[in-house]
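**Student:** Next up is a structure, given as structure tokens.
The numbers here are math on the coordinates, done by the rules we state, and not lab data. Only a predicted model underlies this, so the values are computations on that prediction, with no experimental measurement involved. Note that we place each Cβ from the backbone using ideal geometry, even for glycine, and neighbour counts take in every protein chain shown.
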Amino acid sequence: MASNTKFAIIGIIVAVAIVAGVAGFAAISNDNVPEQAETTGAPTMETQTLTIYSGRSESLVGPIIEKFEQETGIKTEVRYGDTAAMALAIIEEGRNSPADVYYGQDAGALGALAKEGRLLKLSDPLLQKVDPALRSPDGEWIGISGRARVVDYNTNLVDKSELPDSIWGFLDPKWKGKIGWAPSNGSFQSFVTALRLIEGEDRAREWLVGIMANEPVVYSGNSPIVEGVARGEVHVGFVNNYYLHKFLQTDPAYPVAHHHTNGDAGSMINIAGAAVVDTANNKEIAERFIEYMLSEDAQTYFATSTYEYPLVEGIKAVGPQLPIKEINKPNIDLSNLADLQGTLDLLRDIRAL
């Protein structure tokens, strides 16, 4: 394994501060589907087991995976863990990996697996279901659901007209003590990686140092930031879009709203995505799982249960969210978000971590 890739994946693990063990997992080995399965008594597609390495938590995706089993008759064996740890496990297991599908919550880990040559090219009809900007340029992974970086603000304390069009506007001293952020959070670190890609290392450092000069309040993650904004502890917070809508579902008068910056890293779109691993015993079954995740039922589930952006045409996001096509997002190759080690080094160097 290339050292840079390994460091990048390890960096993601450190970033989200989750330890996922590789040991203790009972691998399920799939048999190939013979052409005459109905006459030989060998397993059919529906009686085989699909092994999924999931970097998305069971509480988020377990229900839709169960529905896939019920509707297709295909059994699944799901190993849940941190996105980066699951990718690293596949790489370290090599040709002995039982993984058929990798399902991660960040494009960076998918990009790292692709760079290691561990993913199979997806079929063209499957790839065409999603905008090219939200899938691998080489067709090796595909976005299942999307999330946007946003600036959430307290609607009682901030007039929308006060909010800057660029993340650079938050370096203004008037925001001193009024910003919430979570430097140890993986999604924030993906944002910083995008900032480095777009602006360059020096400019990314300049922005981070400038924000620190405004004495931001540090939170452990996105949900605590949104809650802090609502309580008025801070006026604005750097988060992903879907956290707010969990609160709006229980309290429509929740005093927080989204603000999108204009074409910079502050409005980047990241994805949770899936890929077929090169150790898959049956690519057709693996692609059938991914196709199901892009079905109307599954996309509606992501829109209404996890409050993410559906990526298939015709399914709308829930709540007062700007349609994904209307977000003025930066033009970046999401695969390049794999380089989180440099981001961690930068954050530590300026003592944000």
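**Student:** For the chain, set up a Gaussian network in which alpha carbons nearer than 10 Å are linked by springs, and say which option among 322, 88, 337 fluctuates the most.
**Tutor:** With Cα springs under 10 Å in the chain, the top fluctuation among 322, 88, 337 is at 322.
**Student:** Still on this model: Assigning unit charges at the beta carbon (Lys, Arg +1; Asp, Glu -1) and nothing else, what dipole magnitude in debye, to the nearest 20, does segment 168-267 show about its Cα centre?
**Tutor:** Details: 8 positive and 10 negative charges, 26 e Å.
Dipole magnitude for segment 168-267 comes out near 120 debye.
**Student:** Skipping prolines and chain starts, which residues have an amide H placed within reach, meaning under 5 Å, of the one on residue 136, given they are 5 or more residues away or on another chain?
**Tutor:** Close amide H contacts, sequence-distant or interchain: 141, 142, 143.
**Student:** In terms of Cα to Cα distance under 18 Å, which lysines are near enough to residue 115, apart from those fewer than 8 places away along the same chain?
**Tutor:** In chain and number order, the partners are 6.
**Student:** Could you run the Debye sum over the Cα atoms of segment 136-190, one equal point scatterer each and no solvent, and tell me log10 of I(q)/I(0) at q = 0.16, 0.23 Å⁻¹, two decimals?
**Tutor:** -0.69, -1.08
**Student:** Could you order peptides 148-158, 131-141 by the average number of other Cβ atoms within 10 Å of their residues, highest first? Walk me through the numbers before you get to the answer.
**Tutor:** Working: 148-158: 20.3, 131-141: 18.5.
Put in order of decreasing packing, that is 148-158, 131-141.
**Student:** Additional query: Can you tell me which of 82, 297, 339 moves the most in a GNM of the chain? Springs connect C-alpha atoms under 10 Å apart.
**Tutor:** 297
**Student:** Moving on. Under a point-charge model restricted to the Cβ atoms of Lys and Arg (+1) and Asp and Glu (-1), what is the dipole moment magnitude of the chain relative to its Cα centre, in debye to the nearest 20? Provide the component values of the computation, followed by the final result.
**Tutor:** On the way: 29 positive and 46 negative charges, 177 e Å.
About 860 debye.
**Student:** Starting from the Cα-Cα distance between residue 174 and residue 250, subtract it from 0.36 nm times their residue separation and give me the gain in nm to one decimal. Walk me through the intermediate numbers first.
**Tutor:** Details: separation 76, 0.36 × 76 = 27.36 nm, distance 3.24 nm.
That works out to 24.1 nm of additional length.
**Student:** Would you kindly give the portion of the calculated P(r) for segment 102-171 that falls above 20 Å, as a percent of all Cα pairs?
**Tutor:** 48 percent
**Student:** Once you have all Cα-Cα distances for segment 212-353, histogram them in 5 Å bins from zero and send the whole-percent values.
**Tutor:** 2, 8, 13, 16, 18, 17, 12, 8, 4, 2, 0
**Student:** Pick from 325, 75, 129: which is most flexible by mean-square fluctuation in a GNM of the chain where alpha carbon atoms under 10 Å apart are linked?
**Tutor:** Looking only at 325, 75, 129, the biggest GNM fluctuation is shown by 325.
**Student:** Now, a different point. Would you tally the net charge around residue 221, using a Cβ to Cβ cut-off of less than 15 Å, leaving residue 221 out, and scoring K and R as +1, D and E as -1? List each step's numbers first, then the result.
**Tutor:** Numbers: positive: 147, 149, 246; negative: 82, 106, 152, 227, 233.
Neighbourhood net charge equals -2.
**Student:** For each pair in 129/325; 121/316; 75/121; 129/329, compute the distance between the two Cα atoms and list the pairs where it is over 26 Å.
**Tutor:** Numbers: 129/325 15 Å; 121/316 28 Å; 75/121 23 Å; 129/329 20 Å.
Among 129/325; 121/316; 75/121; 129/329, the Cα-Cα distance tops 26 Å for 121/316.
**Student:** Here's another thing I want to ask about it. Quickly estimate the mean residue ellipticity at 222 nm for the chain, helices only: each DSSP H run with n ≥ 4 gives -39500 (n - 2.57), and the total goes over all residues, rounded to 500.
**Tutor:** -10500 deg cm²/dmol
**Student:** Can you tell me the order of 263-274, 242-253 when each peptide is scored by its average per-residue count of other Cβ atoms within 10 angstrom, highest first?
**Tutor:** The densest-packed peptide leads the list: 263-274, 242-253.
**Student:** Excluding same-chain residues fewer than 8 positions from residue 176, which aspartates and glutamates have a Cα within less than 20 Å of its Cα?
**Tutor:** 152, 159, 162, 165, 206, 215, 227, 233
**Student:** Another question about this same structure. Through the Karplus equation 6.51 cos²θ - 1.76 cosθ + 1.60, θ set to phi - 60°, convert the phi angles of segment 253-262 into ³J(HN,Hα) values in whole Hz; use x for Gly and Pro.
**Tutor:** Along segment 253-262, the couplings run 8, 3, x, 9, 9, 8, 10, 10, 6, 10 Hz.
**Student:** Report the relative contact order of the chain, percent, no decimals, based on alpha-carbon pairs under 8 angstrom and at least 6 residues apart. The partial results should precede the final answer.
**Tutor:** Working: 673 pairs, mean separation 91.0, N = 353.
Here the relative contact order equals 26 percent.
**Student:** Go from 0 up to the bin containing the longest alpha carbon distance in segment 193-245, width 10 Å each, and give me the % of pairs per bin.
**Tutor:** Computed distribution, short to long bins: 23, 41, 33, 4.
**Student:** Within a Cβ distance under 15 Å of residue 146, other residues only, what is the Lys/Arg minus Asp/Glu net charge?
**Tutor:** Summing Lys/Arg as +1 and Asp/Glu as -1 gives +3.
**Student:** Net charge within 11 Å of residue 321 by Cβ-Cβ distance, Lys/Arg positive one each and Asp/Glu negative one each, not counting residue 321 itself?
**Tutor:** 0
**Student:** At each listed q (0.14, 0.15, 0.26, 0.28 Å⁻¹), what is the log10 of I(q)/I(0) that the Debye formula gives for segment 305-353 modelled as equal alpha-carbon point scatterers?
**Tutor:** So the normalised log intensities are -0.63, -0.68, -0.96, -1.03.
**Student:** Let me ask you something else. Each residue of segment 216-222 in order: what ³J(HN,Hα) in whole Hz does its phi give by Karplus 6.51 cos²θ - 1.76 cosθ + 1.60, θ = phi - 60°, with x for Gly and Pro?
**Tutor:** Karplus values, whole Hz, x for Gly and Pro: x, 7, 8, 10, 7, x, 5.
**Student:** To continue, here is another question. Using the scaling law 2.2 N^0.38 Å as the reference, what is the normalised Cα Rg of the chain?
**Tutor:** That works out to 1.01 for the chain.
**Student:** From the residues 210, 166, 153, which one has its Cα farthest along the dipole of the chain in the positive direction, the dipole being from +1 and -1 charges on Cβ of Lys/Arg and Asp/Glu about the Cα centre?
**Tutor:** Value: 210.
**Student:** Follow-up question, since we're still on this one. What value in Å³ per residue do you get for the convex hull of the alpha-carbon atoms in segment 133-258? Spell out each step's value before the answer.
**Tutor:** On the way: hull volume 15.2 nm³, N = 126.
Spelled out: Cα convex hull of segment 133-258, divided by residues, is 121 Å³.
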